[in-house]
Amino acid sequence: MKVYHVLATLALGLVIAAPVASAQGHPLAGRWTVEYQRGMRHENGEMTPIMGTATLTLEQRGDSLVGTLAPAGDDQGNAPPAQQFAAKGSASGATFVVKSQARLNMNGDIVMKDVTLTWELSASGDALSGTVKRVMQDAEFSAEPSPVKGTRVK
């Protein structure tokens with residue numbers, strides 16, 4: 001009889017603890033320092049990745065994640081504009097699709113092109129991982145997804 005009582009108490013404790021664990025929020029919610037491929041340089045027929053860092057802040061609102069990616073500045077202090085993020089979260093992460101503009105220097109002429117960025121992100125504890133894929137309007141090349149990694153800011 002005592003064994004039954006202990007098991008029943010344990011089962012009741014698990015049922016009560018389950019909602020508390022889910023109330024903690026989505027694993028991606030929080031503030032992250034991320035490293036990612038910020039763009040590409042096309043020079044003399046060669047493509048070279050431009051790497052960057054940013055602060056990604058994500059907040060859970062219902063079943064969605066909403067936030068901002070704020071890129072760090074370059075050596076001269078120039079930073080691309082912040083991007084707004086929003087997506088439905090899943091147990092494994094979230095996929096954010098962001099419309100943006102890319103600035104291209106084509107033989108000294110600056111041209112603006114529409115670009116769609118697809119961020120596929122997941123988190124495990126304080127580590128963030130995923131990819132970002134760029135699709136540029138009228139692009140002559142197709143870019144493969146590039147890795148994204150990050151750590152939670154505490």
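The numbers here are math on the coordinates, done by the rules we state, and not lab data. If you're wondering where the values come from, they're calculated on a predicted model, not measured in any experiment. When we count neighbours, we look across all protein chains shown, and the Cβ atoms used for this are built from the backbone with ideal geometry, even at glycine.
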Met40, Met51 arranged by Cβ crowding within 10 Å, fewest neighbours leading:
Met51, Met40
Using the Karplus equation 6.51 cos²θ - 1.76 cosθ + 1.60 (θ = phi - 60°), what ³J(HN,Hα) coupling, rounded to whole Hz, does each residue of the stretch 80-88 give in order, writing x for Gly and Pro?
x, x, 5, 10, 8, 10, 7, 6, 6
As a quick test, which of the pairs Lys99/Lys133; Lys88/Lys133; Lys113/Lys133; Lys88/Lys154 have an alpha carbon distance above 22 angstrom in this structure?
Lys88/Lys154
Note to self: C-alpha centroids of the stretch 83-122 and the stretch 26-51 sit apart, in Å, by 10
Give me Asp74, Asp138 ranked fewest to most by other Cβ atoms within 10 Å of their Cβ, as a rough exposure proxy.
Asp138, Asp74
To make sure I understand the rule: partners must be aspartates and glutamates, Cα under 16 Å from the Cα of Lys149, and not fewer than 8 residues away in the same chain. Which ones qualify?
Glu35, Glu120, Asp126
Could you give the size of the charge dipole of the stretch 26-152 about its Cα centre, using +1 on the Cβ of each K and R and -1 on the Cβ of each D and E, expressed in debye and rounded to the nearest 20?
420
